[in-house]
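Input: a single structure, listed below in structure tokens.
The values are calculated or read from the model by the stated rules, or taken from the named source; none is laboratory data. Just so it is clear, the model here is predicted, and its values are computed rather than measured. So basically every Cβ, Gly included, is an ideal-geometry build from the backbone, and we count neighbours across all protein chains shown.
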Amino acid sequence: MYAMLTWSVPFVGAVLSLVLNRAGKVRDVVAVLAILASALFSTLTLMEFLSSGKPIHVSYEWVSSLGISLGVYVDSLSAYMSLIVAWLSFLIAAYSLKYMEGDPGLTRYWFFFDFFVGSMLLLVLADNMIAMFLGWEGTGLASYALIGHWYRDEEERCVGDIGRKALGVPMWFTPSQSGLRAIVFTRLGDVGFIAGIGVLYYLSHTFSLPAISERVAEWSGPLAERGLLFPFLLIFSLGAFAKSAQFPFHEWLVTAMTGPTSVSALIHAATMVKAGVYFLLRFSPIFVLAAQEVPAAEQQVRTFFTAVSLIGAFTAFMMASQALVSRELKLILAFSTASQLGYMFLAIGSAGLIAEFPSGFIAGFSHLMSHAIFKASLFLVAGAVIHAVHSRFIDEMGGLWNYMRWSFLAMSLAALSLMGVPPFMGFWTKDSVLEVAKESGVLIPFSLAVVTAGLTAFYSTRMVLRTFVIKREHHHEHHEAHPLMLLPYLALALISLALGAAWPLYGPELMSGMSLSVLGMHEHFHPEVHLDLELLALSLTVVFAGILVAGLLYLTERGRATDLRGPLSAIHSFLYDRWFINAVYYRTIVAGFSWLSRGVFKYFDSAVIDSLYHRLIPWLISALSTLGFKYFETEVVDETYHERVVRGFTSIGSFVRRIQTGLINQYLAIFILGLMLVLLIALWVG
């Protein structure tokens with residue numbers, strides 16, 4: 001029952017936040033305590049799983065006619081994932097107590113915050129696709145509300161430079177716009193997810209995840225024989241690509257920075273954007289199992305994993321390149337998040353192309369865990385800095401390390417982990433991703449991943465230097481963040497360092513636990529921490545080159561005086577305007593549908609519907625009514641009804657009156673005649 005309580009308690013907290021609407025601090029504390037309880041239950045769930053050494057499956061019948069249940073499936077993947085989600089959510093919620101203090105929409109904030117956490121944990125722990133999809137959609141709904149929390153759209157709540165345009169398209173977005181963009185982009189992918197659920201149910205006659213794994217040949221065989229397995233896997237995974245902001249669905253994550261920074265840390269670092277990665281981690285072992293059991297499926301499954309690795313590597317490179325020039329602190333972290341998610345997709349895609357799939361699986365999962373920790377810390381530090389300087393632009397920051405030294409320490413440690421500098425946790429997990437990509441033999445994704453490592457080091461160093469080190473003339477004195485805000489992100493940064501330092505000793509044991517009894521992986525994996533020296537030298541060279549270039553560019557007078565002209569200016573604009581992808585979307589898709597709708601209105605709605613409905617049909621009805629009045633009502637109804645019919649009934653009435661004489665002997669005679677007639681008919685019939 002610990003697992004059931006893990007996802008259900010936050011929903012109780014969401015309801016209580018509405019009940020305690022007028023209770024102020026009590027409402028806030030209750031909402032946070034509900035998430036703390038969920039985190040404790042997730043810990044107990046993990047302990048129970050590790051002690052048993054086998055999956056925990058609890059299920060209750062829900063819709064018996066369809067075989068839908070409501071339950072939990074706890075293996076190492078869901079157990080560790082729920083632990084990460086619950087504890088990070090608690091730390092971010094505690095941070096929110098001070099960060100969101102005095103906000104007029106706190107009841108709404110806490111309701112959707114707890115609702116989001118419950119939905120995410122339901123998604124992770126669900127034992128069937130229907131419950132998983134409910135949690136999936138719950139996170140989408142809550143993210144829409146949280147991203148658009150400041151729905152009054154004040155200018156300081158926007159993302160992007162006010163007034164800037166690319167290809168004539170505005171490049172700044174309000175909270176209400178951003179919330180709508182998020183739900184539209186993710187819902188596009190979810191259409192593929194729900195279509196995949198329908199196909200799987202049609203072929204396997206079950207929604208249960210364990211049953212789908214057991215009956216893998218039943219649904220993959222027919223699809224593979226018809227050459228449809230690859231397109232099915234791609235469509236089924238569209239929801240994962242959209243949720244985790246992979247190209248071409250990445251744009252929603254960028255503009256989602258209009259929400260409170262605590263929301264950015266919750267949704268865009270620790271939880272929601274990891275849902276797509278979790279989806280692939282959950283289903284990729286089943287896809288590999290299909291390739292093993294159905295010979296016709298092997299090549300199509302490999303093609304799918306190749307596509308995943310290519311998309312992941314391209315997204316990682318593209319988003320990192322945009323972070324190089326961004327001026328907004330949270331926007332840099334948003335680009336970085338999508339880039340690191342690309343690394344995770346690269347790891348999972350590469351895992352399906354190598355002999356030891358579990359090693360790639362662990363690489364993707366461990367980088368998910370590592371990134372969730374250090375990126376949550378970075379976002380929370382960013383919130384404290386923005387809270388202090390009242391600006392989201394790094395141009396208006398700088399020199400803060402004198403006043404916010406603990407925050408500077410936290411950002412530096414977390415940024416070093418993001419760069420992949422040893423001995424931080426990010427170094428080990430990023431290196432494992434590169435190692436799997438190299439082993440897969442797919443050259444382009446591996447090359448992009450190596451280049452991205454250098455770009456990551458550059459923009460991370462640039463971010464730290466321009467936020468805390470380089471002094472600004474207009475800078476004013478500030479103070480350190482409140483302890484309730486400081487402790488969560490400082491603790492996360494130190495955890496990232498501690499995990500990295502302990503990784504050579506305890507990493508194999510942790511990774512072994514992560515691969516214990518994963519659904520679809522039938523063999524237990526015993527990993528070892530080993531380094532490919534050639535790859536290590538390459539990656540560290542690229543990383544330290546990125547750090548060195550950023551240092552020379554922003555710490556030296558000559559570097560700061562660098563003037564971007566000619567081709568460099570064009571490249572800067574290209575990157576700053578996000579490769580013009582957003583502008584192209586609006587120019588083609590949005591403008592295209594707008595043109596189509598105007599054409600439909602002009603040539604169909606106005607010309608056909610309005611002309612037919614408002615002109616032709618009324619004229620027709622009027623003409624028919626005139627003809628009907630003239631030739632039917634006047635000639636037929638009036639003459640026939642009023643003259644002939646009425647006259648006929650009048651004659652019948654007169655005849656009936658005449659035979660009603662009142663003489664008894666006449667009545668008796670008529671009665672006898674009638675009786676004789678009846679007897680004659682009876683005799684004749686007989």
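The criterion of at least 1 residues that are at positive phi and out of contact with any Cys (no Cβ under 8 Å at 6 or more places or on another chain) is met by none of the helices (runs of 4 or more DSSP H) wholly inside the stretch 291-409. Residues of the stretch 407-430 that are under 27 Å from the mean Cα position of the chain (by Cα) and either among the polar types (S, T, N, Q) or more than 21 Å from V464 (Cβ to Cβ) (or both): S417, T429. If you check R565, R558 for being at pLDDT 80 or above and either in contact with a strand residue (DSSP E or B) (Cβ under 7 Å, 6 or more places away or on another chain) or of a type in the set (K, R) (or both), only one passes: R558.
Per the conditions (1) under 28 Å from the mean Cα position of the chain (by Cα); (2) closer than 21 Å to Q340 by Cβ; (3) surrounded by 22 or more Cβ atoms within 10 Å (Cβ to Cβ); (4) not acidic (D, E), the sole criterion not satisfied by F458 is (1).
The condition of being surrounded by fewer than 20 Cβ atoms within 10 Å (Cβ to Cβ), at pLDDT below 95 and among the hydroxyl-bearing types (S, T, Y) holds for only one of S52, S76, that being S52.
Restrict the check to the stretch 239-248 and report whether at least one residue is surrounded by fewer than 16 Cβ atoms within 10 Å (Cβ to Cβ) and either of a type outside the set (F, W, Y) or outside the structural domain of D103 (by TED's automatic domain parsing) (or both). Yes, that holds for at least one residue. Counting just the residues of the stretch 629-686 that are touching a helix residue (DSSP H, G or I) at 6+ places or on another chain (Cβ under 9 Å) and in a helix (DSSP H, G or I), which one comes out modelled with the lowest pLDDT? Looking at the filtered set, the residue picked out is I659. From the list L310, L266, L331, the lone residue that is of a type in the set (A, V, I, L, M) and either free of Cβ contacts under 8 Å to residues at least 24 places away in the same chain or over 30 Å from L519 (Cα atoms) (or both) is L331. Residues of the stretch 269-307 that are of a type in the set (D, E, K, R) and either touching a strand residue (DSSP E or B) at 6+ places or on another chain (Cβ under 9 Å) or within 17 Å of L519 (Cβ to Cβ) (or both): R282, E293. Does I362 satisfy the criteria of being in contact (Cβ under 8 Å) with a residue 60 or more places away in the chain, out of contact with any strand residue (DSSP E or B) (no Cβ under 6 Å at 6 or more places or on another chain) and surrounded by 22 or more Cβ atoms within 10 Å (Cβ to Cβ)? Here the answer is yes, as I362 does meet what is asked. Beta carbons closer than 6 Å, at least 6 apart along the sequence or on distinct chains, pair a first residue in the stretch 179-190 that is polar (S, T, N, Q) with a second that is in a helix (DSSP H, G or I) for T186/G140; T186/A242; T186/K243. The sole residue among G13, G71 that is part of a strand (DSSP E or B), in the same structural domain as P104 (by TED's automatic domain parsing) and not aliphatic (A, V, I, L, M) is G71. Of the residues contained in the stretch 475-485, none is found to be more than 26 Å from L88 (Cα to Cα), out of contact with any Phe, Trp or Tyr (no Cβ under 9 Å at 6 or more places or on another chain), in the same structural domain as E328 (by TED's automatic domain parsing) and crowded, with 22+ Cβ neighbours inside 10 Å. Close contacts from the stretch 566-589, counting a first residue that is farther than 20 Å from F247 by Cβ and a second that is polar (S, T, N, Q), with Cβ to Cβ under 9 Å and a gap of 6+ residues or different chains, come to L568/T562.
Just one of the listed residues (L141, L188) is surrounded by fewer than 17 Cβ atoms within 10 Å (Cβ to Cβ), of a type outside the set (S, T, Y) and in the same structural domain as L331 (by TED's automatic domain parsing), and it is L188.
Being small (G, A, S) and within 18 Å of F112 (Cα to Cα): is that true of A290 here? No, not satisfied. Given the residues L535, L553, which is the only one that is closer than 21 Å to G426 by Cα, assigned to a helix (DSSP H, G or I) and modelled with pLDDT of 85 or more? One residue alone meets the criteria, L535. When you scan the stretch 101-122, do you find a residue that is under 30 Å from E48 (Cβ atoms) and either charged (D, E, K, R) or part of a loop (DSSP other than H, G, I, E, B) (or both), even just one? Within the stretch 101-122 (the criterion being under 30 Å from E48 (Cβ atoms) and either charged (D, E, K, R) or part of a loop (DSSP other than H, G, I, E, B) (or both)), the answer is yes, since at least one residue qualifies.
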